[in-house]
Amino acid sequence: MKRARSTYESSSSRVSPSLEAGIIKKLRLENFMCHSNHETQFGSNVNLITGQNGSGKSAILTALCVAFGCRAKGTQRASTLKDFIKTGSSNAVIHVEIQNEGEDAFKPEIYGDVIIVERRISESSSSITLKDQQGKKVFSRKADLQEIVEHFNIDVENPCVIMSQDKSREFLHSGNNKDKFKFFYKATLLQQVNELLESISAEITKARVIVEDLEAAIRPIEKELNELDAKIKMMEHVERIAVEVQQLKKKLAWSWVYDVDKKLEDQRVRIEKLKSRVPICQARIDKQLHQLEKLSESYSRKKAEIKSMMTSQVKQMKESLSHSLSSAKKEAFELQRDCKCKASNVQKMVQQVKKLELQMQGIHEQHVKNTQAEESDMEEKLKGLREEVDAAEFELKRLKKEEDILMTNIDKQKEEISSIAAKIQDHESKYNGIMHNVRDLQRQQSNKITAFGGNKVLSLLRIIERCHQRFRMPPIGPIGAHLKLHNGNKWAVAVEYAIGRLFNSFIVTDHKDFRLLKQCAKEADYGQLKIIIYDFSTPRLMIPERMRPNTNHPSILSILQCENDTVLNVLVDQGNVERQVLVNDYGIGKVIAFEKRIQNLKEVFTVEGYKMFSRGSVETILPPRRNQLYGRLSSSVEADIEKLSNDASNEQKTANDYRSDKRKAEVKLEDLYKKMNPIKRLCLHAGKDVASKKLTLEDEMRQQATESSSAPLSSVDEIVEEISEINQKMKEEQVLLEGLEQRRYEAEGKADDLKVKFDELCESANTELASLEKSENELIEIERQIDAATEAKDHYENFMKTNVLHDIKEAEEHYLELTKSREDNVKKASIICRQDDLASLGGCDGKTPEQISAEIESLNHTLRRESKRYSESIDDLRMLYAKKERKIIKRQQVYKALRQKLNACHNALEFRRRKFQTNATNLKHQLSWKFNGLLKRKGISGLIKVDYDETTLSIEVQMPQDTSNRAVRDTRGLSGGERSFSTLCFALALHEMTEAPFRAMDEFDVFMDPVSRKISMDTLIDFAEAQGSQWILITPNDTSLVKGGNRVKKMQMAAPRAYQM
């Protein structure tokens, strides 16, 4: 708060007391120290409080200190706030009303004209409440009270604001110059300003160190920039050679056109030569056609001659007799079979009759024995049928077993075929994956960046370069393009498995660049681009040894080489490369990952790509991915391409071998199916046979049951009747048998007659057949000659087609290809340069394309030799130079601006230091002048010497009665009253140099004699009235001699005994 400073000499600038803001209007105490309920109304100027010792005078100043936030120890009256509670009470209340009017009022719209500060103290806690003039609670935070204190500049710990009894005693009796200096230094706020200046100086020094570190961090980049500039100048020479190569390429393009013109002329001559061979071949073909016509006529005549012979009728008769003979033999055979069948039936009937007769004979002799015999026969028959059923079932089981074996073999064969097919598909998939990797490596061989996103990343980089001004900081990426390996290609595969997912990523500095890069990726048709947001200004992260795995094996971070700090920081934050360890052997990797339990170890990778890690008690080993056979960070890909090509050939060969095995297995499966079909048919027949035999057995068993349930003995009459029926049937069968025998004899005789006729016909036709055979041989010879002539004709036609016409066609096609090639070469050459421009280059000078190519190769060799030291292209170098230049210029500008600001801050600080020293010197002189002016009121002169270097303040006093004019340098050499008065003058001089709305002093005059006390009190009251601020003066002495007035308010504290406790 800015307050108008009023001095002792000029009282005209005083502010009206009624409008002074920050003064104390009223103080009310409840159960505080010795007061049960005390209230004091203060005047706006001088307030004199007197009373006997123990009446509670000092408690008023202590209450003010506590109300305005002073700690208990700061009052030097208690160690804790609860000690201020009156004995026998549970809490205490301090109620302070502050005037809040005038220009310096604090938030009058909230508090009004009065601010009430109320502090309540209990045994366990204390609280602060801020109220407005109506007593309504406004705030209750200590920070709000601190804001009021700072606004009104109420520093209760400053002895110039509140000088308690203890401080007065210490101040008045202290003869230590350093203590006086501390009092002066703190009261004039010089200590606070000096501490503030020192803290600012420390912050500026710290900021300078940071800027110097930042500038040191970009010095390597500046060095790289200078090296890039030297590289670019060296490669400009290479560019000139490249220009000469381009001119030769233009000549080479048109030399191919002229070379094709020569080939076209040669091809035209060859076509004419080939066309001259066509008439010769056509004449030979016509000759063979004429010979074929003659042979065809001879063939027709000979064929007609053979048809005219009678041999055809002989053949017809021979065939007819042969057919009749076969029919007769077949009929005789069938009749013979029927005869045997009928004879067998008759024989069965005879045997049946004999059985019936024997049965009838035994009926009369032994009925019981006969019955047993019948049962025995039936059992034997059933036994035989059962054996037949068992045999049939055994055969069926054997066939079923054989069928099951074949079916099992078929299923195994099918499974084998399926397995082979899966292996073929697997190897084809591996072959396709390997060839995909080979193509990627070939693209990488031509341009390393394509390994991290293909052609899409090239398009994206071009778009980023075009839009680089729109980015806050140019994006960094792809990450893989910024990385190299220290130890060649040894760990390339392992690193690929570990952090390969980050190689295609880009890094941007904020979300705005993130969205812009997304738009660029969309324009480049680059979907699923991974973008990482990271602060580019972050320096390279330094990983302490205690945060790294304690092992001798390398980490991924230790083998990576990268010039970009941001890329390495991202790999540390996102990839944990400092915690991933690489090992050579699978077994060593298991020991490192699972047995040693190394701190800060996250994962272990082997050279082959095995990944090992443990999470708690779970141990995990992941094999390498089959489709990842190389590392994209490999410095040389030729060996990888050769190895992958060999692997692809091996996979293709293995797949072909499996195809051969599959064909063999399919042939074997077909053989099994062929064996299975007849077995199935046999199983079907065997099943039917088993069913038939089981039915027969069941019929016999039912018949036996029927017979056993009938009468035990058959009637003889029934047997006789049955015998007669059988005899009748037997006679009928014999008649039929005799008829069949007769027919058989006739059929056999007919067959014999036909055979005799057939033999006679064969003997009579031998002569005619010989003539026919001769004619047929001649016909065959003619056919052979026709075939030979046809073959000769076909030979010449084929020769004409394959050798003559084909060569002509090929020559004409080649001529057309050359013509087309010439047109294409002209188009291509025209794209490179116009034919008219070739003359300005000196033409081809009759050189062949091979010669021009040799010159280009020689220049390229020189070009490679000159640019061997630099693997980058000049465009990449210029792009990199521009990128680094933009980056470093921006940083230099930022650091320069920072240093300028720091210099400005330093200059301002130095200015303030000088101002501080000037003000300190002025305050020193001002203090001495004011001190001497106050002493003169008692006829004393004095001087204050302040030494800022030694931090001392000494007071010299010249007493009027001292005739020797010797100054007293130690106030302890004065009397008690003189010392107290001089000290009071020193304090008043300090008061005049400080600002506060009110001031309080306790027992400042206890060691003064009455005269000195009277002079001191008058001086103090005059000073307070001139100062214009509120004063609270506490003294145990009588104040009746103190002059009164409207601005002086005297208050008498009640005696301790009469005081209402």
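The values are calculated or read from the model by the stated rules, or taken from the named source; none is laboratory data. Note that the coordinates shown come from a computational prediction; the quantities given were computed from them, not determined experimentally. Using ideal geometry, Cβ is built from the backbone for each residue, glycine included, and neighbour counts are taken over all protein chains shown. Heads up: the accessible areas ignore ligands, DNA and RNA and are worked out on the full protein's heavy atoms, side chains in. Shrake-Rupley method; radii C 1.70, N 1.55, O 1.52, S 1.80 Å.
Overview of results
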item: Solvent-accessible area of Ser429 with every protein chain in place, 1.4 Å probe, in Å² to the nearest 10; result: 70
item: Sequence-distant lysines (8 or more away, or on other chains) whose Cα lies within less than 23 Å of Lys136; result: Lys25, Lys26, Lys107
item: Nearest-0.05 FRET efficiency for Asn919 and Glu227, computed from C-beta distance (R0 51 Å); result: 0.40
item: The range 543-656: C-alpha gyration tensor shape, a/c 1.5 cut-off, then a/b vs b/c; result: oblate
item: Out-of-range pairs (alpha-carbon distance over 28 Å; input Lys142/Lys180; Lys231/Lys887; Lys397/Lys664; Lys206/Lys512); result: Lys142/Lys180; Lys397/Lys664; Lys206/Lys512
item: Antiparallel DSSP beta bridges within the range 447-635, percent to nearest 5; result: 60
item: Stretch gain in nm, segment Gln835-Phe394, where the contour uses 0.36 nm per residue and the Cα spacing is subtracted; result: 149.0 nm
item: Chain lengthening between Lys484 and Lys262 when straightened (0.36 nm per residue, less Cα-Cα); result: 74.7 nm
item: Efficiency of FRET from Cβ geometry, Asp824 and Asp876, R₀ 30 Å, rounded to 0.05; result: 0.35
item: Taking the C-alpha atoms of the range 447-635, convex hull volume expressed per residue in Å³; result: 128
item: Computed label-point distance, nm, for sites Tyr586 and Phe514 using a 7 Å Cα→Cβ extension; result: 4.2
item: Eligible aspartates and glutamates near Lys668 by straight Cα distance, threshold 15 Å, same-chain separation 8 or greater; result: Asp411, Glu415, Glu416
item: Phi-based couplings in Hz for the range 87-99 (Karplus 6.51, -1.76, 1.60; Gly and Pro marked x); result: 4, x, 10, 9, 8, 9, 10, 10, 10, 10, 10, 10, 6
item: Per-residue ³J(HN,Hα) for the range 884-897, Karplus 6.51 cos²θ - 1.76 cosθ + 1.60, θ = phi - 60°, Hz, x for Gly and Pro; result: 5, 5, 4, 5, 6, 5, 5, 5, 4, 5, 5, 5, 5, 4
item: Area accessible to solvent at Trp256, 1.4 Å probe radius, in Å²; result: 100
item: Filter on Lys423/Lys602; Lys262/Lys809; Lys355/Lys731; Lys186/Lys930; Lys484/Lys602; Lys430/Lys611 - keep pairs with C-alpha separation over 25 Å; result: Lys423/Lys602
item: Relative counts (whole %) of C-alpha pair distances in the range 55-101, using bins that are 5 Å wide; result: 4, 19, 30, 26, 13, 5, 3, 1
item: ³J(HN,Hα), Karplus 6.51/-1.76/1.60, whole Hz, each residue of the range 939-945, x for Gly, Pro; result: x, 10, 10, x, 8, 10, 10
item: R0 of 30 Å, Cβ-Cβ distance Val350-Met378: FRET efficiency to nearest 0.05; result: 0.85
item: Test item: Cα-centred dipole of the range 447-635, Lys/Arg +1 and Asp/Glu -1 on Cβ, debye; result: 340
item: Nonlocal amide H pairs with Val114, under 5 Å, H built at 1.01 Å; result: Asn100, Gln133
item: Partner lysines for Lys750 [C-alpha distance under 18 Å; skip if fewer than 8 residues away on the same chain]; result: Lys318, Lys329, Lys330
item: Segments 667-674, 575-582 sorted - mean Cβ within 10 Å per residue, highest first; result: 575-582, 667-674
item: Point-to-point label distance, Lys107-Asn194, nm (Cα→Cβ direction, 7 Å offset); result: 3.5
item: Burial order of peptide ranges 67-76, 530-539, 910-919 (average beta-carbon count within 10 Å, highest first); result: 67-76, 530-539, 910-919
